[in-house]
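Here the structure is laid out as structure tokens; the discussion comes afterwards.
The values are calculated or read from the model by the stated rules, or taken from the named source; none is laboratory data. What you see is a predicted model, and the numbers here were worked out from it, not measured in a lab. Ideal geometry is used to build each Cβ from the backbone, glycine not excepted, and the neighbour counts take in all protein chains shown.
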Amino acid sequence: MILNNKSLNLSNYWFHFGLTAIFLASAILRFWGLGRFNTLVFDEVYYAKFANNYLTGTDFFNAHPPLSQYIIAIGMWLGSHLPWDQQPMNGLAGSLLSTWSYRWLNALTGSFIPLVVAGIAYQLNRRRSYALIAALLAGADGLFLVESRYALNNVYLVILGLFGNLCLLIALSQPQSKRWTTMALSGAFFGASACIKWNGLWFLFGVYLLWGMAWLLQWRGDSKKTSLGAGLVTSESQKMLMVKSDSTDAPWHVSTFKTRFPQSQALGQNLVSSEPSVGSKPSALRAKHWGKTSLVNLTQLNGIQFLVNFALIPALTYSLLWIPHLIMNPQPGFWEAHYRILTFHEKIGSGPEVHPYCSKWYTWLIMLRPVAYFYQTAQSTREQVPAYPPLPKGYGQVIYDVHAMGNPILWWLSTAAILLLLLLLLQRLWSGMHGYFPPTTVNYISLYLGLNWLAQLLPWVGVSRCTFLYHYMGASVFSGLGLAWLVDRWLHREQESWQIAAITVISLILLAFVFWLPIYLGLPLSLRGHQLRMWFDSWI
């Protein structure tokens, strides 16, 4: 064996050291050369200007809710009062500002996303190795790096939605009498995410799907009325039949179930599960509760608790966050503003005639059409960029390109992983509808990741307006968590081949991140170097 379970049981010291290293690396990459292009990049032409309008008291209309512009405005104000030199500066946002001042808070926020992803992963199965791998993969995603380096709003939408998920998982792990505050905080984060963009509601939609499915599975429970919501086995004799696999954090199962329904273990057995096969000799017999994930407590939330925390509180949070905008811009009013936002987006068409980088939702799964946020050429690296007027096409020898694209290897493997988990989930749900769906860690993590990924993706199916690859960012977090989960389970398997596969996947992702790093950071590239990174015509 290359690795053993003992070596994978990370100590607190190494776990925190690893997370700290990932955070520092993420922060350095986001802050390094933050003011490189002294201009407004991509949608900074909207958000930086809108944020400055709050500081100058200028009336304006925005086609999105106001929270991200508040945050960017706070960053501008704080940044302009910091003591060190903040060159270069420009007046493109309406005031003389340094590029650093309207970008630094985005960079800081984006640096924390890998840590929040790690927190969600840890809450799902209490395994440090899974949390560390999830954080590493999140830190190696190029799209999040690009979005964090400019005054854009998607990093705020994602991190607030992830905080809502993290608080929900923490609340479910707490005693029922003590979870009210954390649950309310979860609802507030979901409401704040929707106040960045309306598609922040997809995070809340995922919670609705998850809670509804948990109740449906409990309703379809077996004749012995085993509680799926609480994750408890009512029969003491059944408790003694639970077996633990050779992995230290593997889920617990009832051997009689696997004898009655062996087909539920067939799909993806070797890929996602370290469960012993039917008829194998159990490695331990202990009286423990099933599963090591708090998700089994979902049905402890009754209808009133759920509506208060995930309908009333999000709606109240969302409404209250509009107050500063309405004070500074009393017209249009609250409801009129929402009507104008809705009609604005309904009037936006789709296709290359609207924007050259429009992409359909189904193309996001394979990253068919990334977005070029900035592109200019120069004769040498000594020239100032951007230059006005820009050089004619084909005249420059050095290319500066900021491409909003994910890490291709991470992206494609994550899509394959989440589709595999969905197939496994559908197969087990089908078995559950005709027999029993055991509340194991494998089943509930598959349910959590699969439903949240679908909640982030499916609402875009019916959207007719021009959409972009960055609309997939929320879904990519859950597909990345799915890949990290598979890799972590491969590392814990005894067979050396699975451990080699896991190490290979991580290595390829990190190498790909380094290879495409110049177009995430907008570093100078030769014509040949740029062509090497544009693998498909649709990427250009």
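Looking at the range 9-32, which of its residues are closer than 25 Å to Ile519 by Cα and part of a helix (DSSP H, G or I)? Full working, then the answer.
Here is the first cut: in the range 9-32, the residues closer than 25 Å to Ile519 by Cα are 21-32.
Hits for the range 9-32 are Ala21, Ile22, Phe23, Leu24, Ala25, Ser26, Ala27, Ile28, Leu29, Arg30, Phe31.
Out of the residues in the range 48-99 that are among the small types (Gly, Ala, Ser) and either closer than 15 Å to Tyr150 by Cα or not assigned by TED's automatic domain parsing to the domain that holds Gly200 (or both), which is surrounded by the fewest Cβ atoms within 10 Å (Cβ to Cβ)?
First pass over the range 48-99, keeping only residues among the small types (Gly, Ala, Ser): 48, 51, 57, 63, 68, 73, 75, 79-80, 91, 93-95, 98.
Checking which are either closer than 15 Å to Tyr150 by Cα or not assigned by TED's automatic domain parsing to the domain that holds Gly200 (or both) leaves us with 48, 51, 68, 73, 75, 79, 93, 98.
On the way: Ala48: 28, Ala51: 26, Ser68: 25, Ala73: 23, Gly75: 22, Gly79: 18, Ala93: 25, Ser98: 21.
The residue in question is Gly79.
Identify, please: which residue in the range 406-416 is crowded, with 24+ Cβ neighbours inside 10 Å and touching a helix residue (DSSP H, G or I) at 6+ places or on another chain (Cβ under 6 Å) and is, among those, nearest to Pro386 (Cα to Cα)?
From the range 406-416, those crowded, with 24+ Cβ neighbours inside 10 Å are 406-407, 410-411, 414; that's our starting set.
Now drop any that are not touching a helix residue (DSSP H, G or I) at 6+ places or on another chain (Cβ under 6 Å), which leaves 406-407, 410, 414.
Numbers: Gly406: 24, Asn407: 26, Leu410: 31, Ser414: 35 Å.
The extreme case among them is Gly406.
Just one of the numbered conditions (1) farther than 23 Å from Glu44 by Cβ; (2) among the aromatic types (Phe, Trp, Tyr); (3) in a loop (DSSP other than H, G, I, E, B) is not true of Tyr362; which one?
Of (1) farther than 23 Å from Glu44 by Cβ; (2) among the aromatic types (Phe, Trp, Tyr); (3) in a loop (DSSP other than H, G, I, E, B), only one is false for Tyr362: (3).
Could you check the range 171-200 and list, in sequence order, the residues that are within 25 Å of Ser26 (Cα to Cα), of a type in the set (A, V, I, L, M) and in a helix (DSSP H, G or I)?
The initial filter retains those residues of the range 171-200 that are within 25 Å of Ser26 (Cα to Cα), namely 189-190, 192-193, 196-197, 200.
Subset that is of a type in the set (A, V, I, L, M): 192, 196.
Within the range 171-200, Ala192 is the sole residue that qualifies.
Does Ser446 meet the test of being assigned to a helix (DSSP H, G or I) and in contact with a Lys or Arg (Cβ under 9 Å, 6 or more places away or on another chain)? Lay out the reasoning, then the answer.
Details: assigned to a helix (DSSP H, G or I): yes; in contact with a Lys or Arg (Cβ under 9 Å, 6 or more places away or on another chain): yes.
Yes: the conditions hold for Ser446.
Name the one entry in Leu115, Leu108, Leu137, Leu166 that is in contact with a Gly (Cβ under 7 Å, 6 or more places away or on another chain), over 18 Å from Leu295 (Cα atoms) and assigned to a helix (DSSP H, G or I). Walk me through how you get there before you give the answer.
Working: Leu115 fails: in contact with a Gly (Cβ under 7 Å, 6 or more places away or on another chain); Leu108 fails: in contact with a Gly (Cβ under 7 Å, 6 or more places away or on another chain); Leu166 fails: over 18 Å from Leu295 (Cα atoms).
Just a single option satisfies the conditions, and that option is Leu137.
Quick check on the range 303-348: of everything there that is assigned by TED's automatic domain parsing to the domain that holds Trp215 and not in a helix (DSSP H, G or I), which residue is nearest to Phe190 (Cα to Cα)?
Restricting to residues being assigned by TED's automatic domain parsing to the domain that holds Trp215 and not in a helix (DSSP H, G or I), the top hit is Leu321.
So is Pro438 in the same structural domain as Leu40 (by TED's automatic domain parsing) and more than 24 Å from the chain's Cα centre (by Cα) or not? So that I can check it myself, show each step before the final result.
Working: in the same structural domain as Leu40 (by TED's automatic domain parsing): yes; more than 24 Å from the chain's Cα centre (by Cα): yes.
Spelling it out, Pro438 is indeed in the same structural domain as Leu40 (by TED's automatic domain parsing) and more than 24 Å from the chain's Cα centre (by Cα).
Can you go through Trp453, Trp460, Trp498 and tell me which one is more than 16 Å from the chain's Cα centre (by Cα), closer than 18 Å to Ser193 by Cβ and of a type outside the set (Asp, Glu)? Can you show your working first?
Details: Trp453 fails: more than 16 Å from the chain's Cα centre (by Cα); Trp498 fails: closer than 18 Å to Ser193 by Cβ.
On inspection, the qualifying residue turns out to be Trp460.
For Trp412, all conditions in the list (1) in a helix (DSSP H, G or I); (2) modelled with pLDDT under 95 hold save one; what is the number of the exception?
(2)
Write out, first by first residue and then by second, each pair whose Cβ atoms fall under 7 Å of each other, whose residues are 6+ apart or on separate chains, and whose first residue, in the range 362-380, is within 24 Å of Tyr395 (Cα to Cα) while the second is small (Gly, Ala, Ser) and outside any helix (DSSP H, G or I).
Final answer for the pair search is Val371/Ala404; Tyr373/Ala404; Phe374/Gly522; Gln376/Ala387; Thr377/Gly396; Ala378/Ala387; Ala378/Gly396; Gln379/Gly396.
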